[in-house]
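Worksheet for the structure shown next.
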Amino acid sequence: MNSRERFGRNYIEAELQEIADHLHTDVDAYLIGGGAMSLHESSLKDTTKDIDLVVVDEAALSRLMGVLDDLGYEEVTDLGDEYNRLGARHCVQNDAGCQFDVFCRQIVNKLYFSDGMQARSEAFLSDESFSVGLASFDDIFLFKAVAERPDDIGDMATLVQTDLDFDVIEDEIERQVELLGGEQFVTVVSESLERLDQNEGIQTPLDDVVRGYYRHDVYDEDQVTALLERAENDVWLVPAIALQRAVDNEHFENRQPSVPSKTRLDCRTCDRKTDHQFQEFKSLPDETWSGQPRWECQVCQSPRHGPNPR
């Protein structure tokens, strides 16, 4: 993508108020990224390129996108790879270049906007039909750790200077693992923490916490036994699960997995090649199983069958 304009607090606040003025039914939304860093009372950013906005249900998403369309925002078609990985439901931009990345509950395909995140948010705008909360700095740090965009590591370094509550972040990591299964989420967080150390010389108490999830999760004999007991006629699924976890563990330890868990495939929903994540082998009875693993598009989360991971 070409170099884009940056926008400050006054512009962002005016755009949010414009949305509020045009909404006629209730929408609750939350700012989770650089926009939130700009709008907090103790502002950490003068400007941002993207306004990352989260809603928690499909009805609110539909209402919000209808208003943004009325205000002249148009879908962005020339997203770069980092924005494709972001997994926003919509990326829309106005004539001035202001871009809203809009998410519905799940953020960046790897983070779920949990009840705890909502509770920790700080009220910013409360209009008759539109309320906007600012995600806490602790939760913005976690969002930045999974977003994988060029400016995010620098923002993480800035956020560390605010005396983050790493106990809160650790509890939220545990919650995310419960909600999403954990492997992909923990891998990306680990990689961002490593870059934070390499680029900024900053280490956090989260390094050992994140590493511990893999050491605990991958080769747990009791867990494999439980899977065998539940599998019944689908015992062949257990090696597939073990393969996926072995792939993620090796990726975590060496950063260069011998069995890749990501590839680019044609997505029928996106109608183009996108990054896909290996999920599992197809769970059908043996006589109808094609032998192909299931992959998930990292842009729209649509599943498809693809090549065997090698």
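A short reminder: the numbers here are calculations on the coordinates, not readings from a lab. All values reported here derive from a predicted model rather than from experimental measurement. Positions of Cβ are generated from backbone atoms using ideal geometry, with glycine treated the same way; all protein chains shown enter the neighbour counts.
The table below gives the values:
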{"read-out": "Cα gyration tensor category, rounded, prolate or oblate, for segment 1-132 with a/c compared to 1.5", "value": "rounded"}
{"read-out": "Simple label model, 7 Å out from Cα along Cβ direction - E170 to R4, nm", "value": "3.6 nm"}
{"read-out": "Net length gained if the chain between Q161 and C270 were fully extended (0.36 nm per residue, minus Cα distance)", "value": "35.3 nm"}
{"read-out": "Segment L71-D26, length gained on full extension (0.36 nm per residue, minus Cα span)", "value": "14.4 nm"}
{"read-out": "For R294, distant residues with modelled amide H under 5 Å away", "value": "Q279, E280, F281, K282"}
{"read-out": "Farthest toward positive dipole pole in segment 122-169 [+1 Lys/Arg, -1 Asp/Glu at C-beta], among S131, F166, F143", "value": "F143"}
